[in-house]
1. What are the ³J(HN,Hα) values, in whole Hz, obtained from phi via the Karplus relation 6.51 cos²θ - 1.76 cosθ + 1.60 with θ = phi - 60°, for each residue of the range 7-16 in sequence order, with x given for Gly and Pro?
2. Mind listing the long-range amide H neighbours of ASP90? Cut-off is under 5 Å, sequence gap 5 or more, other chains count too, H placed in the peptide plane at 1.01 Å from N.
3. Where the centroid of each part is defined by its Cα atoms, how far is the range 123-153 from the range 1-76 in Å?
4. Taking all pairs of distinct Cα atoms, average 1/r, flip it, and tell me the Kirkwood hydrodynamic radius of the range 10-57 in Å to one decimal place.
5. Taking N as the number of residues in the range 27-78, what value does Rg over Cα atoms divided by 2.2 N^0.38 Å take?
6. Mind checking which lysines have their C-alpha under 20 Å from LYS6, skipping anything on the same chain fewer than 8 residues away?
7. In degrees between 0 and 90, to the nearest 10, how far off the longest principal axis of the chain does helix 119-132 point, with axes built from Cα atoms?
8. From the helices alone, meaning DSSP H stretches of at least four residues, give me the mean residue ellipticity at 222 nm for the chain, per-run term -39500 (n - 2.57), in deg cm²/dmol to the nearest 500.
Amino acid sequence: MILESKQRAELLANTDQQKQKLLSENASISFETVSIYVRHEFKDTYDNNMVKGDSAWYMDQVLCSMLLGDYREKHKNLKIDERGRPPRLDRSHGIKYWNRDKFDEFGDAHLLHDAILHEPNWIIFNRLLKTLFNGTLINLFNDYYKQYIIAKQ
């Protein structure tokens with residue numbers, strides 16, 4: 001979706017060579033790459049402190065909706081399952097509630113924040129990741145997690 005977005009076309013037309021490398025089709029998706037897109041779309045709001053519910057709070061959702069909209073324009077046959085409001089897997093339930101083999105009853109998940117990065121919680125969180133993503137993406141998430149743990153030490 002990112003490679004076919006209007007944001008990418010705008011960025012490629014108006015950016016320096018360093019950023020163009022990050023935007024190339026062969027570049028991996030990284031925090032730095034995603035930050036370029038979010039900063040481009042939301043300007044100074046991206047770098048401001050965020051408060052729950054303010055204009056910055058929903059940047060990720062707004063950007064995903066924009067990318068999905070661009071993608072749908074180019075791929076008319078794309079079908080999206082727009083479900084009602086099924087139960088939400090919520091951080092208020094505690095990590096033990098997340099320790100399950102199936103997640104198909106849920107239509108939404110609100111993740112634990114910092115606590116998800118504690119090793120026992122990360123192991124449980126991987127069960128949800130395996131439901132949502134393929135092995136390649138799960139490996140990327142786990143590599144990112146390992147880098148985070150190393151950087152934190």
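1. My calculation for the range 7-16 gives 4, 5, 4, 5, 5, 4, 6, 10, 9, 7 Hz in order.
2. HIS110
3. About 22 Å separates the Cα centre of the range 123-153 from the one of the range 1-76.
4. Details: mean 1/r = 0.0842 Å⁻¹.
Evaluated on the range 10-57, it is 11.9 Å.
5. Ratio of Cα Rg to 2.2 N^0.38 Å: 1.31.
6. LYS19, LYS21, LYS43, LYS74, LYS76
7. 60 degrees
8. Only helices count here, giving -16000 deg cm²/dmol.
The values are calculated or read from the model by the stated rules, or taken from the named source; none is laboratory data. Keep in mind it's a predicted model, so treat the numbers as computed, not measured. Protein only, heavy atoms only, side chains kept; ligands, DNA and RNA dropped before computing areas. Shrake-Rupley method; radii C 1.70, N 1.55, O 1.52, S 1.80 Å.
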